[in-house]
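Take a look at the structure below.
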Amino acid sequence: MSRRSIAKNIYKNTLIEGEIRGNRKGFAFLARADGGEDLFIAPSRLGGAQHGDTVVCRRLYSEDVEVVKVLKRGIRDMVGTLKVYRNGSFVVPDDDAYYSDIRVQDLPQGALSGQKVVVDIVDYPKGANPEGKIRRILGKAGEKESEVLSCLYRFGFSDVFPQDVLEQAARLTMGEAEPDRMDLRGTLTITIDGDDARDFDDAISVSRTKGDGYELWVHIADVSHFVQEGSAIDEEAYRRATSVYFPRQAFPMLPEALSNHLCSLVPNEDRFCLSCRMRFTEHGERKDVLLTKSVIRSDYRMTYGKVQGILDGDEALCAEYRPLLKMLATAQDLARLLRRKRIDRGAIDFAAHETTVLFDGDKIEGVVPACLAESNAIIEDFMIAANEAVASTLQRAGYPCAYRVHDVPEEDKLRTLTAFAECFGLAPTDRYLNEKEICDFVRAAAETPYGDVISTVAIRCMQKAKYSPYNIGHYGLGSECYCHFTSPIRRYPDLMVHRLVKRYLAEHGARLAAEEVDAVNEALEGSCMHCSMQERAAEKAERDIVHYYEAVYMQEHLEEQFDAVVSGVTARMMFATLPNGIEGGILVEDMHDSFYYDPMRYRLVGQHSVYRIGDTVQVVVTDSDPKSRRIRFELVRKGPTLGDVAHMERRTSARRGQHGTYRTKDHKAPKRSKRRR
């Protein structure tokens with residue numbers, strides 16, 4: 001069947017195009033390209049199609065469909081466990097959605113049954129398993145190192161660079177500064193990063209100006225000076241699109257010759273940068289922006305811990321870093337002004353729930369909630385200010401930009417969030433929350449015992465931020481114009497923005513012709529989509545490996561009892577989070593009562609008790625499986641009775657009536673140092 005014939009029949013609605021979504025049970029669903037409801041495909045109706053394939057299906061007399069043609073294979077390689085049998089060798093995919101094992105003919109030297117491997121799919125024989133070739137052996141299944149690499153490769157990343165990329169990076173040198181680089185080596189400049197950071201791609205200089213204003217320089221490593229568009233390094237960086245950060249390990253977007261050396265703003269070394277100078281009034285209003293190529297020399301390599309100690313008045317640290325005391329005090333004042341203005345304009349400050357895995361050698365020593373101080377917030381505030389300044393400068397000049405955009409929540413999500421807020425007496429009366437009220441709602445919720453879980457639900461109701469050449473603003477930050485400029489070592493969109501800034505500087509801000517802008521935007525559109533997809537993949541990989549470590553850690557705490565907070569409920573499962581941030585599930589069928597799920601109030605209601613998000617319970621750890629990342633609990637202490645809940649709801653309803661819609665207080669939530677805003 002030709003593509004033209006397929007298109008004609010799709011138009012006539014006799015054929016349906018979509019993507020296969022499979023599972024290990026063998027059947028699949030068709031995710032329709034037209035956005036319609038998913039359709040069931042029985043195993044006998046798949047016609048050789050695999051999970052991830054783009055296919056054309058014919059509707060049957062029932063509501064089911066059958067595959068008539070595979071248009072495009074979706075998955076070309078995967079991670080799995082090698083199984084060697086007498087009648088052949090197979091790779092069992094880690095991805096449960098891929099329902100076929102991969103047959104491998106020629107095993108590489110050293111390949112053994114039970115090893116984790118990366119396999120390239122080379123053929124799809126009709127009526128048989130796909131055939132593949134093992135590209136790399138990762139190690140024995142179940143060992144930490146092989147599990148880490150399996151997670152990395154499963155989401156499309158790698159721990160090694162192609163040889164031509166490494167050779168090209170090794171040939172790069174600093175060279176002489178161009179005449180148009182502003183010499184800022186005499187300006188007091190510092191970097192502030194984590195204790196274990198190795199790549200320093202941003203530095204700051206802060207001072208007071210006449211009239212009690214502020215001058216802030218944000219210096220960003222000039223990666224584009226070394227990475228030429230279309231080079232081998234550039235193509236590999238684009239393929240990855242982002243660095244991936246695992247506990248104890250980072251898998252960079254760029255080779256170490258760049259990320260840890262030429263482009264790292266180490267102290268007492270000349271480094272090329274793109275610098276953004278911003279001047280602010282005493283009230284934090286931005287007055288002007290200057291963008292320039294520069295050469296800097298960082299004076300101090302500071303850590304968040306040291307800066308926080310200085311801000312807290314640690315005498316030893318203050319004596320050691322006396323030349324920085326004035327700058328850091330000024331930085332603190334300016335950051336607080338910028339943060340307050342951002343919140344006042346509607347930025348939403350979600351409390352992110354992240355855990356930190358602690359190691360003692362190769363042993364997992366503990367898992368604790370991530371804790372960030374004001375020193376982290378200062379850098380985040382300054383990077384946000386620079387990102388806004390760069391984006392608005394390019395927009396005003398009529399230049400293209402790879403914007404970081406975040407759309408307003410969808411209406412159905414606002415209804416869901418309102419219903420949830422109503423459970424805690426934090427919803428408006430007789431109407432839904434609107435997008436302008438979510439900021440106040442989250443701040444109000446932070447003052448309640450349910451603040452953390454409410455923030456989690458609110459995050460789930462948000463749209464995903466993404467990259468786009470078309471600016472619609474950044475809802476979460478309350479920003480009309482925003483981009484990513486400040487991390488070109490670890491994010492490809494920042495490198496794209498740097499190249500656009502350099503074009504703006506080279507042409508002295510002269511307005512481009514409309515057709516030029518359209519041509520650049522068309523090219524940017526595909527790049528932005530790719531980078532957004534890679535960002536999602538990196539987030540999934542980072543989350544998955546943390547869940548693996550959490551499951552390994554909790555294996556040592558089986559049968560132990562903990563206090564926990566209910567963090568989610570479904571008809572089948574209740575989820576609870578321990579004080580260290582680890583979440584586990586409790587099967588409703590094991591809760592020794594008959595429950596029904598109340599989706600409007602996010603609760604499980606039984607004959608004798610009821611459980612809502614935010615309730616405190618006691619649990620025992622019954623199972624922890626690193627392979628599936630699954631942790632299971634059982635309840636020890638019963639939840640509140642229906643009478644208790646009715647009493648609490650009467651109190652919250654009365655409080656809501658007394659205070660109008662909901663109460664708000666000034667609140668300063670913890671900040672994330674590496675949030676993907």
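Got a number for residues in region 37-46 being surrounded by fewer than 18 Cβ atoms within 10 Å (Cβ to Cβ) and either of a type outside the set (A, V, I, L, M) or not in a loop (DSSP other than H, G, I, E, B) (or both)?
Selection size over region 37-46: 5.
Could you pull out the residue among Val266, Val295, Val289, Val307 that is aliphatic (A, V, I, L, M) and either outside the structural domain of Asp333 (by TED's automatic domain parsing) or over 30 Å from the mean Cα position of the chain (by Cα) (or both)?
When all the criteria are applied, what remains is Val295.
Which one is farthest from Tyr61 (Cα to Cα), of the residues in region 12-32 that are small (Gly, Ala, Ser) and modelled with pLDDT of 90 or more?
Ranking the candidates gives Gly22 first.
Yes/no per residue for (1) touching a Gly at 6+ places or on another chain (Cβ under 6 Å); (2) hydrophobic (A, V, I, L, M, F, W, C); (3) surrounded by fewer than 20 Cβ atoms within 10 Å (Cβ to Cβ):
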position	(1), (2), (3)
Gln228	no, no, yes
Gln249	no, no, yes
Glu282	yes, no, yes
Ile296	no, yes, no
Asp299	no, no, yes
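Just one of the numbered conditions (1) assigned by TED's automatic domain parsing to the domain that holds Thr330; (2) surrounded by fewer than 19 Cβ atoms within 10 Å (Cβ to Cβ); (3) touching a helix residue (DSSP H, G or I) at 6+ places or on another chain (Cβ under 6 Å) is not true of Gly361; which one?
Here Gly361 meets the rest and fails (3).
Can you list the strands (runs of 3 or more DSSP E) lying wholly within region 561-637 that have 1 or more residues being without any contact (Cβ under 8 Å) to a residue 12 or more places away in the chain?
Correct list: 573-577, 595-598.
With region 72-152 as the region, which strands (runs of 3 or more DSSP E) entirely inside it contain at least 1 residues that are within 30 Å of Ile364 (Cβ to Cβ) and not polar (S, T, N, Q)?
77-85, 88-93, 115-123, 131-140
Just a yes or no: is a residue in region 227-247 under 16 Å from Asp270 (Cβ atoms) and touching a strand residue (DSSP E or B) at 6+ places or on another chain (Cβ under 7 Å)?
No: zero hits.
Can you pull out every residue in region 249-295 that is more than 29 Å from Ser150 (Cβ to Cβ), polar (S, T, N, Q) and either out of contact with any Ser or Thr (no Cβ under 6 Å at 6 or more places or on another chain) or in a loop (DSSP other than H, G, I, E, B) (or both)?
Of everything in region 249-295, those that are more than 29 Å from Ser150 (Cβ to Cβ), polar (S, T, N, Q) and either out of contact with any Ser or Thr (no Cβ under 6 Å at 6 or more places or on another chain) or in a loop (DSSP other than H, G, I, E, B) (or both) turn out to be Ser264, Asn268, Thr281.
From Ile545, Ile489, grab the single residue that is buried (at least 23 other Cβ atoms within 10 Å of the Cβ), within 20 Å of Leu291 (Cβ to Cβ) and touching a strand residue (DSSP E or B) at 6+ places or on another chain (Cβ under 8 Å).
The match here is Ile489.
Looking at region 173-222, which of its residues are acidic (Asp, Glu), assigned to a strand (DSSP E or B) and in contact with a helix residue (DSSP H, G or I) (Cβ under 9 Å, 6 or more places away or on another chain)?
Asp193, Asp202, listed by residue number.
Report, by residue number, each residue of region 572-595 that is modelled with pLDDT of 90 or more and aliphatic (A, V, I, L, M).
Result: Met573, Met574, Ala576, Leu578, Ile582, Ile586, Leu587, Val588.
Determine, yes or no, whether Leu426 is free of Cβ contacts under 8 Å to residues at least 24 places away in the same chain and either crowded, with 18+ Cβ neighbours inside 10 Å or touching a helix residue (DSSP H, G or I) at 6+ places or on another chain (Cβ under 7 Å) (or both).
no
Looking at this structure, is Leu325 in contact with a Pro (Cβ under 8 Å, 6 or more places away or on another chain) and either more than 30 Å from Tyr450 (Cβ to Cβ) or of a type in the set (Gly, Ala, Ser) (or both)?
Criteria not met by Leu325.
Just to be sure before I move on: is Ile134 in contact (Cβ under 8 Å) with a residue 12 or more places away in the chain and crowded, with 18+ Cβ neighbours inside 10 Å in the structure I sent?
Spelling it out, Ile134 is indeed in contact (Cβ under 8 Å) with a residue 12 or more places away in the chain and crowded, with 18+ Cβ neighbours inside 10 Å.
Would you mind listing the helices (runs of 4 or more DSSP H) fully within region 371-459 where at least 3 residues are farther than 25 Å from Leu578 by Cα and at pLDDT below 85?
So the answer is 411-422, 438-446.
I need the full set of residues from region 76-124 which are farther than 24 Å from Tyr548 by Cα, surrounded by fewer than 18 Cβ atoms within 10 Å (Cβ to Cβ) and among the hydroxyl-bearing types (Ser, Thr, Tyr), in order please.
Tyr85, Tyr124
Identify the single condition in (1) in the same structural domain as Leu112 (by TED's automatic domain parsing); (2) without any contact (Cβ under 8 Å) to a residue 60 or more places away in the chain; (3) under 18 Å from Ile121 (Cα atoms); (4) not aliphatic (A, V, I, L, M) that Asp94 does not satisfy, given that it satisfies every other one.
(2)
A quick yes/no check of all residues on (1) in contact with a Lys or Arg (Cβ under 9 Å, 6 or more places away or on another chain); (2) surrounded by fewer than 19 Cβ atoms within 10 Å (Cβ to Cβ); (3) more than 25 Å from Phe157 (Cα to Cα):
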site: Pro179; (1), (2), (3): no, yes, yes
site: Gly186; (1), (2), (3): yes, yes, yes
site: Trp217; (1), (2), (3): yes, no, yes
site: Asp222; (1), (2), (3): yes, no, no
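Could you tell me which of the residues Ser487, Ser468 is within 19 Å of Met253 (Cα to Cα) and modelled with pLDDT of 95 or more?
Ser487
Six or more apart or on different chains, Cβ under 9 Å: which pairs go from a residue in region 49-66 that's modelled with pLDDT under 90 to one that's of a type in the set (Val, Ile, Thr) and assigned to a strand (DSSP E or B)? Could you list them?
Arg59/Ile16; Arg59/Val65; Asp64/Ile41
The values are calculated or read from the model by the stated rules, or taken from the named source; none is laboratory data. This one's a predicted model, so the numbers in the text were calculated from it and none came from an experiment. Here the Cβ is made from the backbone with ideal geometry for all residues, glycine too, and neighbour counts use every protein chain on show.
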